[in-house]
Amino acid sequence: MAKPSAEQVGNRMWFSMLRASFWLSLGLLVGFLGPYAWVVDRRVAEDFAALQWQVPTRVMARPLRLQPGMPLDIAMLRAELQASAYHEDDEGADPGRFVVRGGEVLLTTRAYDDMDGAQPSRHLRLSLANQRLTALQDAGGRPLSEARIDPARIATLYGEQQEERRLLALEEVPELLLVSLQAVEDRDFKSHFGIDFGGIVRAAWTNLRHGEVRQGGSTLTQQLVRNLYLSREQTLWRKFREIVHALVIERRFSKAQILQAYINQVFLGQDGEQAVHGFGAAAEFWFGRDVEHLKPHEIALLVGMIRGPSWYDPRRQPERALQRRNSVLDTLAETGVLPPEQAAAAKKLPLGVRSDAGVRRNRAPAFLALVKTQLANDYRSEDLRGAGLTLLTTLAPSAQSAVETAAKAQLQALSKPDRAALQVAVVMSDPRTGEVLALLGDRNPAAQGFNRALDAQRPVGSLLKPLVYLLALAQPSRWSLASTVEDAPLDVALPNGKRWRPDNSDGRSHGLVALQDALVHSYNQATVRVGLDVGMDRLSRLIEALSGVAPAPHPSLVLGAVDMSPYQVAQLYQFLASGGQIQPLRAIRAVLDAQAKPLQRYDSTAAPAEKGDALAARLVGLALQEAVRSGTARGLLAEGLGHLAPAGKTGTSNDGRDSWFAGYTGSYLGVVWVGNDDNAATGLYGASGAMRVWAKTFSVLPNAPLQLGDEGVEWVWLHPEREARTDPSCPGARRMAFVAGYAPEDFDGCPLARLRHWFGGDDGRD
């Protein structure tokens with residue numbers, strides 16, 4: 001046998017080394033790929049299962065409940081609709097749209113989930129006149145007894161990442177969006193195994209033929225991998241990882257699961273520091289409505305933006321975005337997704353992006369602070385972030401807007417160049433339910449941090465006086481509104497051994513006055529006498545029972561010598577405004593889980609008022625109405641609010657440091673504080689400061705007049721000089737209310753009355 005040449009020996013050695021290198025590389029690759037694929041498999045399984053928990057918790061206002069006869073005008077309705085991202089057009093036929101035609105409004109509500117079930121979309125016709133909803137009909141003209149407008153989103157509680165999502169089930173996504181997405185981004189989605197080599201070749205040819213990027217070579221699965229796990233760096237290592245992840249996802253999950261994850265995960269815009277992910281959030285961000293109501297040309301724009309949301313930003317780059325959208329429409333026509341004539345018509349339409357649309361950011365931070373405080377009793381903060389919950393609150397957007405506008409305008413009018421900027425706090429609630437409708441904790445409504453409505457503890461001044469009279473009037477055998485009390489100087493011994501000599505704000509004493517007049521005119525000396533009679537301990541216990549504040553039972557408590565927050569004051573006055581019901585103020589209606597099922601409801605009905613409490617609260621309310629007609633709150637008449645028959649009480653702390661007003665109508669209770677954070681004097685009384693904010697707020701909100709009713713009350717004409725019945729025509733006679741069965745029986749007629757009696761006329765007895 002011939003001996004191999006040196007060249008043959010060299011070749012054999014080379015091939016042996018090459019073969020060894022190949023098997024070694026293959027072994028290393030398999031040895032690496034196997035464990036890496038296992039790690040990826042575990043990671044993918046965990047992350048896919050956790051995707052739903054990255055959905056933010058939504059915080060919603062209350063829905064506007066429409067009922068014929070309710071207070072409502074165009075301005076209030078617009079405020080509610082705009083807060084809910086409704087848009088005005090010529091027809092109001094699509095969900096989230098409305099049109100105003102004189103005193104008639106046509107609108108189409110959106111479907112939404114409320115605590116008592118799913119609410120469908122409805123076409124409504126509203127007729128408004130004289131600040132009332134005079135008629136409510138469906139699209140066919142049939143009368144409706146009630147309808148609801150879907151609530152505004154007021155806040156979003158995020159998870160660890162600052163992202164905005166609207167989680168969509170696959171069945172909620174329009175079919176056109178699903179097929180358009182596959183036609184443009186991944187035509188073989190239903191058949192490939194995560195990697196589509198044929199698609200890569202086809203995309204390259206299409207892009208070369210058209211001279212622009214019309215199709216991508218990556219599958220939807222690969223794009224999902226990039227959104228979930230990888231950076232945008234263009235390296236072979238990243239591409240390798242992308243392919244492995246895509247293969248694992250396709251092996252573990254169905255096409256429907258992958259498509260749904262993509263629909264909710266794809267990046268489609270940036271709103272400041274907030275990333276917009278998913279078609280649900282993108283539809284709201286760019287067009288101001290839900291994805292199911294998008295038109296074909298709008299769907300084409302969103303699908304086209306996948307290629308580069310910043311590059312094709314329709315607000316910053318409208319020409320570039322229009323070109324990309326039209327390119328997508330051409331693709332949809334070529335693939336048969338849209339008829340050519342429909343695609344051609346869609347290309348002639350504008351982009352349709354609204355300048356006023358966007359992801360709704362957190363509003364009313366002061367109110368949101370109250371929501372979080374009340375939720376803390378039942379939920380940890382981590383339970384609320386990223387859980388896909390829906391918090392249904394009590395906020396009324398129209399009331400919140402009115403409060404913010406009024407406070408801004410009045411503080412500007414009250415401010416003086418040589419003084420510190422005034423601050424304000426406002427609490428508004430529903431007298432019937434205790435629901436908090438609006439909350440303002442700073443002159444800047446968007447301010448975070450110190451919330452004066454909840455946290456500022458300030459002397460309340462005369463705001464406590466109605467509670468003193470409430471305790472007295474709860475004893476109808478001893479006290480009535482007509483009972484007299486001495487308004488004269490007095491000297492009170494204090495527990496610390498000192499003496500206290502209260503004065504009236506006007507520096508004068510008024511002698512013997514009716515109980516009602518003492519409250520109407522806020523006489524300090526008379527009120528102290530009444531307070532000492534009913535007892536400081538009783539007053540302290542009442543304040544604690546209603547507000548949670550337990551003040552020391554000192555005599556000065558009668559004149560408001562206790563620090564309280566506006567929210568705590570509102571809780572006190574809720575008792576009066578509700579007619580003697582103990583109604584804890586609440587800001588939450590319900591908590592819904594990610595499937596819109598109620599986890600917890602907060603709409604329990606308060607126990608009916610005790611008869612004695614109801615009657616005493618009614619009498620105090622009547623006196624506070626008189627305070628508006630002729631007393632310390634008569635400035636409301638100059639504001640044109642007399643038709644509401646409001647009940648109100650002013651309050652001023654020592655040296656004018658704090659200006660307060662609390663008042664209620666048939667629709668709202670409002671408590672306002674105006675002052676300085678450094679406790680400096682404001683130079684304002686309750687009537688000249690806080691009451692102006694209250695008046696401005698209530699003047700723009702349609703209101704029902706306060707009607708206290710006569711149940712359990714007897715009205716009697718009284719003699720001007722003593723507590724006895726008299727003839728209505730007697731000079732100085734006053735008509736006053738008593739608890740039924742406790743009105744005076746004595747009759748003292750004036751000469752004219754006696755003359756009428758002699759001739760058989762009415763003796764004036766009721």
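The values are calculated or read from the model by the stated rules, or taken from the named source; none is laboratory data. None of these values were measured; they are calculated from a predicted model. Cβ: placed from backbone, ideal geometry, glycine included. Neighbour counts: every protein chain shown.
A few comments on the model shown:
- Test: residue in the stretch 227-235 that is within 42 Å of the chain's Cα centre (by Cα), modelled with pLDDT of 75 or more and exposed (fewer than 12 other Cβ atoms within 10 Å of the Cβ): no
- When the test is whether a residue is under 41 Å from the mean Cα position of the chain (by Cα), buried (at least 17 other Cβ atoms within 10 Å of the Cβ) and at pLDDT 70 or above, Glu185 passes it.
- Total residues in the stretch 630-668, condition surrounded by fewer than 21 Cβ atoms within 10 Å (Cβ to Cβ), assigned to a helix (DSSP H, G or I) and not hydroxyl-bearing (Ser, Thr, Tyr): 8
- Residue check for Arg692: part of a strand (DSSP E or B) and either buried (at least 16 other Cβ atoms within 10 Å of the Cβ) or modelled with pLDDT of 90 or more (or both): no
- Single unsatisfied condition, Ala366 versus (1) free of Cβ contacts under 8 Å to residues at least 12 places away in the same chain; (2) in a helix (DSSP H, G or I): (1)
Every residue, every condition in (1) of a type in the set (Phe, Trp, Tyr); (2) in contact (Cβ under 8 Å) with a residue 12 or more places away in the chain; (3) within 16 Å of Gln182 (Cβ to Cβ), yes or no:
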position	(1), (2), (3)
Glu292	no, yes, no
Ala300	no, yes, yes
Val303	no, yes, yes
Arg307	no, yes, yes
Tyr312	yes, yes, no
Arg315	no, yes, no
Arg320	no, no, no
Leu329	no, yes, yes
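- Enumeration of residues in the stretch 251-280 that are crowded, with 19+ Cβ neighbours inside 10 Å, hydrophobic (A, V, I, L, M, F, W, C) and under 19 Å from Leu176 (Cβ atoms): Leu259, Ile263, Val266, Leu268, Phe279
- Whenever a residue of the stretch 439-463 is of a type in the set (Val, Ile, Thr), its partners that are surrounded by fewer than 20 Cβ atoms within 10 Å (Cβ to Cβ), lying with C-beta atoms within less than 8 angstrom and at least six residues away or across chains, give the pairs Val460/Asp563.
- Asn451 vs. criteria polar (S, T, N, Q) and touching a Gly at 6+ places or on another chain (Cβ under 7 Å): yes
- The number of residues in the stretch 98-130 that are surrounded by fewer than 16 Cβ atoms within 10 Å (Cβ to Cβ) and not in a strand (DSSP E or B) comes to 6.
- Matching residues, the stretch 282-308, being touching a Gly at 6+ places or on another chain (Cβ under 8 Å) and hydrophobic (A, V, I, L, M, F, W, C): Ala282, Phe285, Trp286, Phe287, Val291, Leu301, Met305
- Residue in the stretch 538-545 that is at negative phi, part of a loop (DSSP other than H, G, I, E, B) and either surrounded by 14 or more Cβ atoms within 10 Å (Cβ to Cβ) or touching a strand residue (DSSP E or B) at 6+ places or on another chain (Cβ under 7 Å) (or both) present: no
- Any hit, the stretch 82-91, residues being under 30 Å from Gly352 (Cβ atoms), small (Gly, Ala, Ser), in contact with a Lys or Arg (Cβ under 6 Å, 6 or more places away or on another chain) and modelled with pLDDT under 95: no
- Options Gly683, Gly764, Gly760; residue that is loosely packed, with under 14 Cβ neighbours inside 10 Å, over 22 Å from Val520 (Cα atoms), small (Gly, Ala, Ser) and at pLDDT below 95: Gly760
- In the stretch 414-444, residue nearest to Val671 (Cα to Cα) [restricted to those that are assigned to a loop (DSSP other than H, G, I, E, B) and among the hydroxyl-bearing types (Ser, Thr, Tyr)]: Thr433
- For the stretch 435-446, the set of residues classified as touching a strand residue (DSSP E or B) at 6+ places or on another chain (Cβ under 8 Å) and surrounded by fewer than 24 Cβ atoms within 10 Å (Cβ to Cβ) consists of Glu435, Asp442, Arg443, listed by residue number.
- When the residues of the stretch 472-500 are filtered to those that are outside any loop (DSSP other than H, G, I, E, B) and touching a Gly at 6+ places or on another chain (Cβ under 8 Å), the one that is surrounded by the fewest Cβ atoms within 10 Å (Cβ to Cβ) is Glu486.
- Of all the criteria given as (1) of a type in the set (Lys, Arg); (2) at pLDDT below 95; (3) under 21 Å from the mean Cα position of the chain (by Cα), the one not satisfied by Arg148 is (2).
- Only residues that are buried (at least 21 other Cβ atoms within 10 Å of the Cβ) and either on the phi > 0 side of the Ramachandran plot or among the charged types (D, E, K, R) (or both) were counted in the stretch 405-434, giving 2.
- Residue within the stretch 513-530 that is surrounded by fewer than 16 Cβ atoms within 10 Å (Cβ to Cβ), of a type outside the set (A, V, I, L, M), without any contact (Cβ under 8 Å) to a residue 40 or more places away in the chain and not assigned by TED's automatic domain parsing to the domain that holds Arg722 present: no
- One residue from Ala453, Ala446 being modelled with pLDDT under 95 and among the aliphatic types (A, V, I, L, M): Ala446
- Selection status of Val569, more than 30 Å from Asn451 (Cα to Cα), surrounded by 14 or more Cβ atoms within 10 Å (Cβ to Cβ), at pLDDT 95 or above and in contact with a Phe, Trp or Tyr (Cβ under 9 Å, 6 or more places away or on another chain): no
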